[in-house]
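Read the figures in this text as sums done on the coordinates, not as results from a lab. These figures come from a predicted structure and were not determined experimentally. Because the Cβ atoms are built from the backbone with ideal geometry, glycine has one as well, and the counts that use them run over all protein chains shown.
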């Protein structure tokens, strides 16, 4: 009985010891498991925090890149607009310059055309006047006989002698000592001598006189004293008459 009790006591001690060991093992395992879990949670939180930081960094980088792209796009658009405006301004200036040059060229062409027209008109007028005088001379030659022509010539020369007699010699300067008589007919010796005398009296110099006949004068005479010319011909009268008729028309 005592042995049994002793065995039961020993068994109880062993069971109590095993229970204590089991409890210790459970406590240790629980602590180990709890430590690993907390460590894993901390690592997970750290990883999540790192991930959030990386996501934030990526987001900020993406925002910065997007802002840079937008800035470059805006700058490119502004540069494009500036170039467009510059081109438009250049085109406008070129167009304005071309219009001005075209207007100047047109004005020049019109002016040259008008000048050519005026010159042509003047030339036609001169040619018409010349033809009119020429026709008048031809009519005179056809209508007027030689005798009448000589009388007309004598009358014109006498008229010139009368006009020469009324000239104030002091108011007229004659350069040179040569004179030339250009007459439509051979001068009458008396008329020639009268003109020589008047020239010597009026201008106070002895002038050598030469004579030439030009039938185109029709009647009368032209006196040339250096640069001074006195035209007393019928041809000159015809020219004056054509001018007066033009003014009257």
Original post:
Tell me, which residue of region 103-153 that is touching a residue at least 40 places away in the same chain (Cβ under 8 Å) and more than 60 Å from the chain's Cα centre (by Cα) is surrounded by the most Cβ atoms within 10 Å (Cβ to Cβ)?
Top reply: 153
**OP:** Go through region 231-249 and give me each residue that's under 21 Å from residue 167 (Cα atoms) and touching a helix residue (DSSP H, G or I) at 6+ places or on another chain (Cβ under 7 Å).
**Re:** 232, 233, 234
**OP:** Go through (1) exposed (fewer than 15 other Cβ atoms within 10 Å of the Cβ); (2) more than 16 Å from residue 161 (Cβ to Cβ) and name the single condition residue 218 misses.
**Re:** (1)
Original post:
Taking the stated definitions as given, is residue 95 part of a helix (DSSP H, G or I), more than 55 Å from the chain's Cα centre (by Cα) and more than 30 Å from residue 243 (Cβ to Cβ)?
Top reply: no
